Amino acid sequence: MLPPPSAGGALEPLLSGGPILAFIVSEGGERVLVVHNLGDSRQTASLSVPASGAEPLFVDPGVELELPAGGARLSAAPWSSGVFRLQ
């Protein structure tokens, strides 16, 4: 797993408005997408995430991530989180 940004990694915020919090943590050539739905209803969001794939590292039930060309589509159940290694 990556070190926290304070230990040398970089943090790239993607979304922080509304109930969705999404960011990428990177170190060297590794990038991890972290998403949280902090709301009490299902949320969907489009994210600008250039990646060819995403390996789930930790995903709550009800979190779905699709990677169409040039971005990502997120659907997240209430109070859920997901962590994905980007490829």
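The values are calculated or read from the model by the stated rules, or taken from the named source; none is laboratory data. What you see is a predicted model, and the numbers here were worked out from it, not measured in a lab. Methodologically, a virtual Cβ is constructed for each residue, glycine included, from the backbone with ideal geometry; neighbour enumeration extends over all protein chains shown.
For this structure, a couple of remarks:
- Residue match in the range 9-23 (condition: touching an Asp or Glu at 6+ places or on another chain (Cβ under 7 Å), of a type in the set (A, V, I, L, M, F, W, C) and assigned to a strand (DSSP E or B)): yes
- Within the option set Ser52, Ser26, being more than 10 Å from the chain's Cα centre (by Cα), assigned to a loop (DSSP other than H, G, I, E, B) and touching a residue at least 12 places away in the same chain (Cβ under 8 Å) holds for one residue only, Ser52.
- Of all the criteria given as (1) over 16 Å from Glu12 (Cα atoms); (2) touching a residue at least 24 places away in the same chain (Cβ under 8 Å); (3) out of contact with any Gly (no Cβ under 7 Å at 6 or more places or on another chain), the one not satisfied by Pro78 is (3).
- Residue in the range 35-43 that is acidic (Asp, Glu) and either part of a strand (DSSP E or B) or at pLDDT below 90 (or both) present: no
- With respect to the conditions (1) surrounded by 14 or more Cβ atoms within 10 Å (Cβ to Cβ); (2) modelled with pLDDT of 95 or more, Leu14 falls short on a single one, namely (2).
- Residue within the range 63-81 that is of a type in the set (A, V, I, L, M, F, W, C), outside any loop (DSSP other than H, G, I, E, B) and surrounded by fewer than 18 Cβ atoms within 10 Å (Cβ to Cβ) present: no
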